[in-house]
Each structure stands twice: as structure tokens, then as C-alpha cells.
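Input: a single structure, listed below in C-alpha cells.
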Amino acid sequence: MTHSIPEIIAKISALFEPMQQEVIDFIEFMQAKVAPQALQSKHESSLLSQQALATDWNRPEEDEAWTSYQ
């Protein structure tokens with residue numbers, strides 16, 4: 001079942017204020033729950049790409065190109 005944003009807003013607006021606060025608390029709980037997973041997913045993809053990119057990074061030409069920055 002998919003709800004549109006205006007429909008969700010209308011339903012929340014119809015609630016008493018203490019219940020609206022509960023909805024906000026729940027949304028914040030869900031955001032906090034999802035944020036670490038999203039961060040972990042980004043971190044995992046960067047770790048996975050390291051092996052693929054290592055073939056380019058670990059070449060003498062790359063070492064030479066970066067010597068002036070060391």
C-alpha cells in the first residue's frame with residue numbers, strides 16, 4: 001500500500017498534538033535506525049572498490065606521479 005505525501009500529512013495533521021509528537025519521535029527513530037546502515041553500505045562499497053582500483057594505484061607510474069606530494 002503506497003500513500004502520497006499529502007495524504008500522510010493530512011492524516012498526521014488530523015491527530016492530536018501529543019500523537020503528532022509520537023509520529024515525529026517514530027520518524028526520528030526510523031531515521032536513526034537507517035542512517036548507520038546507509039553509512040555502513042557506503043563504507044563497504046569503498047572497501048570493495050579498493051581491490052579493483054589497486055591495479056591502477058599500484059603501478060610505478062602512479063608512484064612517480066605522486067612523489068611531489070609526499
For Gln31: the one exception among (1) open to solvent by 80 Å² or more (accessible area, probe 1.4 Å); (2) modelled with pLDDT of 90 or more: (2)
Failed condition for Thr2, given (1) outside any helix (DSSP H, G or I); (2) open to solvent by 90 Å² or more (accessible area, probe 1.4 Å); (3) at pLDDT 85 or above: (3)
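The values are calculated or read from the model by the stated rules, or taken from the named source; none is laboratory data. Please read these numbers as outputs of a predicted model, since none were measured by experiment. The area values use the complete protein model at the heavy-atom level, side chains included, leaving out ligands, DNA and RNA. Shrake-Rupley method; radii C 1.70, N 1.55, O 1.52, S 1.80 Å.
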